[in-house]
Each structure stands twice: as C-alpha cells, then as structure tokens.
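Below is one structure; the comments refer to it alone.
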Amino acid sequence: MTESFQSYAQWLLPAVAYLIPVPVLLPAVAAALILLSGRKLALQRTIAFLTLLTLAFVAASLLIVTTTYGIQTLQLGGWDAPIGITLVADRLSAIMLLVSAIVLFAVMWFGIAQGLRDGNEDDPVAVFLPTYMLLTMGVNLAFLAGDLFNLYVGFEIFLVASYVLLTLGATASRVRAGIGYVMVSMASSMIFLIALALIYASVGTVNMAHAGMRMEELPEGTRAAIFATLLVAFGIKAAAFPLDAWLPDSYPSAASLVTAVFAGLLTKVGVYAIIRMRSVVFTDGSLDTMLMWVALATMIMGIMGALAQNQIKRLLSFTLVSHIGYMLFGIALGSVAGWGGAIFYAVHHILIQTTLFLVVSLIERHSGSSQLRRLGSMIYTAPVIAILFFIPAMNMGGIPPFSGFLGKVLLIEAGAMEGTWLAWTLIVGTVVTSLLTLYTMILVFSKGFLRDRADAPEGHLAVDRPASLSGKHSEVTVEERDHAGRIPTGMLLSTILLIATSLSLTVFAGPFAEMTDQAASSIKDTTIYREAVLRPGFEEPTRTLDRTTMPVEGSDAADANRESSPSGVTTVPVPRPAPNDAAAKE
C-alpha cells in the first residue's frame, strides 16, 4: 500500500501546481454554475454533489503528495514570495482540507436527500447551494493561505456565506441570532484587520514565513502584544472562553444541517489559524502560559454550560466550546507531541460534532423536537437513530477505544512530558471535562431514548412537520403532527459515512497519530516552512513565469521530477518527529 501511494505521488508531482488552487477555484466555479442553472434543482444538486466529491479526491491527493515529498508551494502569477500570493500545502493544511471535504460532502448529501424526500417549496435551495459552495471556498482558502491577508480574505468569504446560511428562512429566531452573530463576526474581523496593520507596520510584510523571520528581531513585548491581538480575533472565531458567549445563542437557531457544518468545521478554522500563527509567525511561545489558562477555562466553563441545558442542540453547542479547550491545551504546550495531539483531536472533533448535529436533525424529523422535555421512547420507536447517536456520543465522551479517548490520551501524554504544575492542572481539567461530557451524553440518551415519552414533562408536544431549511413550523400535539414517514436513505447513509470515518480514526489510530506527529514536526521546525516558501534572494523578489529554470530549495526523493515540475512549485522534505520531545529538549 505504501509503495502504491509513493508511486501515485511520484506520478502526480509534476502536476501538483494545478492541484493546489483547485480547492479554492472549483467551489467558486460551482457557485457560479449553480446560479446560472436557474431553477433546475436536479442540475444544481448534481453540480454541488460532484464538486464536493472532487474536492475530497483532490485533498486526498494533496495529502499523499505532501506526506511523500513534503511541503508544496505555489507562487501565483509568477511573483516570488514575499510580495506574491503564496498557496502552501503541507501535511497540516492537507489533513484539514481532507476532513473538511468529507464533512462538507456528507452534509450536502444529507441536505440533498432531505430535500428530495420533502420537496418543500418554501426551502431556499436556490440560495443555499451557491452559498454553501462559497463557504467551502473560504474555508479552503484559509487552509491554503501562505500570507495573512489571504487568510483574512478566506475568513471573510466563509463568514459572509455563514451570515446567509444562518438566517435562511428569515424566521424571527434566526434573524435575531443572525444579528448577534454578524455583530460578533464583524468585531472579530475588525480586530484581525487591526492586527494585520500592526504586523505590516512592524515588519513590513504579511507573508507568514517572512513575517516570522522578521518578528524575531522585534522586542518581546511588541511580539506579545501583536500576537495577543490576533489571539482575540481567532479566539472569537474558535469560541474560546471568555469570547464564546455568542456561539450557544447563534448555532442552535440555524437549520440542523447548517449547524452541523458550523459547529464541526468553522470553529476549527479558528483553531487552525492559532496553530499556524504560533508555529510560523510567533515562535517564541511567550503567550503559552496564558493560552493554557484559557484552555482550562474553556473546558470547564463550556461543560458547565452544557450540564444546564434542556435543548440538545444548545447542549452540544456548549460541549463544542468545552472541547475547543482540548485543542488549545495541545497548542499551548508548544511541543511536537502537544501539536500532534491537538491536530489529531481537531480532526476527531470535526467528525464527531458534525455527526451529532446530523443525528439531532434525524431526531427532530422523527419525534418533532430536540428538547429533552419532549423526547422519549426512541430506543423502541427509532432504534437505528439510537445507534447512530450512541456511537458518536460515547466517542465524544472519551470511552475506550474510540478516537475521542485516544486523542485525549495523546494530549495527556504531551502534558505529562511537559511536566510543569500547570500542565498537570490541565491534565486534571481534561479528565474532569471528559467525565462530565460522558455524563451529559448519558443524560441525553437516558431521557431521549430510554425514558417513556409519556413520562416526559412536555411529551405530548411536537412541531407540525419535519425540520427544514426554511425553519417555518408551528407547535401541535403528537397526535396532530404529520408523520415524517421513513427517513430517506441518503440522510442515514451520509450520517453513517461520518460515523465510519470517525471509527476509522480508531482502527488506524497508529498511522494517523504518526501522520499528525509528522505534521506537527514540520511546523515545529520553522526552517522547513521558510525554505519552502522563501527562495534564495527573496529580499529582492522578481517575477519569473518559467519556474523550471529556477533553483528549488531543499532536497528530497523527488529530484528527478523537479525538471518537469510546472511553474511555481517547490518541495521540501518533512523529517519524522523525534520519539521523545523531552529528550530532545535535554
């Protein structure tokens, strides 16, 4: 299998320059085609479906190439970094591209299957599909951006798309939640823009690799102030405490499949940005201690909020906030083991959180509510849904041998290797939060599935029809409700796809943990990233369209392929991580 991947990577390497921009360009083209197709819903769905399927294939190909040959960079327009636009595909960005493509594809499949069954004319499908493509474009641009300005552009693209998706149907609750979400997002973007101005004023560049080199020349206090400004901007997007209050009020109001994408993916883009800033630009770790305290507060405050909830979507929104703390813990450790654990846990959480929100949509479809006060008896009336909820719920709760347990173990081991009293405090917080998460999942399963619905305080109430994009419904008694009928096969299969993908992290935990450690190792060694992005003589950049005549920085096993590499591509090898970070430090 390894030889097959290496052969494929060697075959694909000459064309990698054409693959790197595809995750950004293809969704934009798809959005335009969907808009031009008018009201031909079948054609629109086909375009969206094939686009996301293609993106998953491209992301998997980029992961294979970066795993085999190291970091791949593309200088757009032939302009050298740091003045040109650089797209960077390394193991970290390729991993995030792949898992986001899987999630976006599964949620789109879920929505298409629901629309085909219900055929609701009120659903704003003509708005949803192109906006969903633009959301995909923005997320992918954020993962591939090699400079801070295009990272900002990526954020703005998916945030604008999220404003539309959050308020689909224009119901009172969604508009109210959307106003708050827009205000918070605008504040975050303004802070990000201020941080960009500070960086450019301080170092004269926004290219991440170049800015990282020049940051080392600034006073420590100046670096810390600029990084703190960025952490506020990204902390809002990642919903880190105390900047998380907006999330539980906004996400539950959206359509369930929209909430699934937001909760599973958008907050992790903020986490990704923090990892990238800490590893490439602000490498001194001056704010790691503060970030550890933020991680601890995020874990505890998030799970405390979840314990007080009666609505499942709101409860899951608080657990989402809580588990962001795990990733911040790994980032704050500043070690290869900590960053590898954070990347592993981020991938796990994207899959699990998205799956749980899709299952909540199935619960709403079957029982007419996602409020625990109205649910019960589903273990008998909907055993398939019970299984689909139980597996990811136990996974998020950290039950062995699921990936949630393994991700927490990786973070605990990294904290133990750090060995400080603060790291051990975070380890205790990790264990306590995991146990409380498991308690909340058991509570939901007990009330929603095991209890008799007749014993629920409001078990006689439900909404009049299955949940839809429009969000328009009214409350009726269970007897008056129009039964949703059989759940469409596509809705079940898309949910099962995510569950199977999350379970594959358990089955292949060893190879995947090694991959995340190698991704962490490549970003930990700043020379690897800088050599891939910045060529010799980068202080006097030029424009050369024929890159095959230019020397390529770094050395790897692809020497024979460089002569035929298309313009603007460089490859730099990624070393395997040291077996023990503590030993390496000594």
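The residues of segment 56-72 that are touching an Asp or Glu at 6+ places or on another chain (Cβ under 6 Å) and over 12 Å from residue 515 (Cβ atoms), listed by number, are 69, 70, 71.
Report yes if residue 151 is farther than 16 Å from residue 29 by Cβ, at pLDDT 90 or above and crowded, with 21+ Cβ neighbours inside 10 Å, otherwise no.
Numbers: farther than 16 Å from residue 29 by Cβ: yes; at pLDDT 90 or above: yes; crowded, with 21+ Cβ neighbours inside 10 Å: yes.
So residue 151 fits the description; yes.
Among the residues making up segment 478-522, those that are at pLDDT 65 or above and β-branched (Val, Ile, Thr) are 487, 489, 495, 496, 499, 501, 506, 507, 516.
Among the residues of this structure, residue 438 counts as one that is within 21 Å of residue 375 (Cα to Cα) and modelled with pLDDT of 90 or more. On the stretch given as segment 313-334, residues that are more than 21 Å from residue 432 (Cα to Cα) and touching a Lys or Arg at 6+ places or on another chain (Cβ under 8 Å) total 1. Restricting attention to segment 2-20, the residues that are buried (at least 18 other Cβ atoms within 10 Å of the Cβ) and either more than 27 Å from residue 78 (Cβ to Cβ) or in contact with a strand residue (DSSP E or B) (Cβ under 6 Å, 6 or more places away or on another chain) (or both) add up to 3.
The values are calculated or read from the model by the stated rules, or taken from the named source; none is laboratory data. Just so you know, these numbers come straight off a predicted model, no measurement behind them. Cβ: placed from backbone, ideal geometry, glycine included. Neighbour counts: every protein chain shown.
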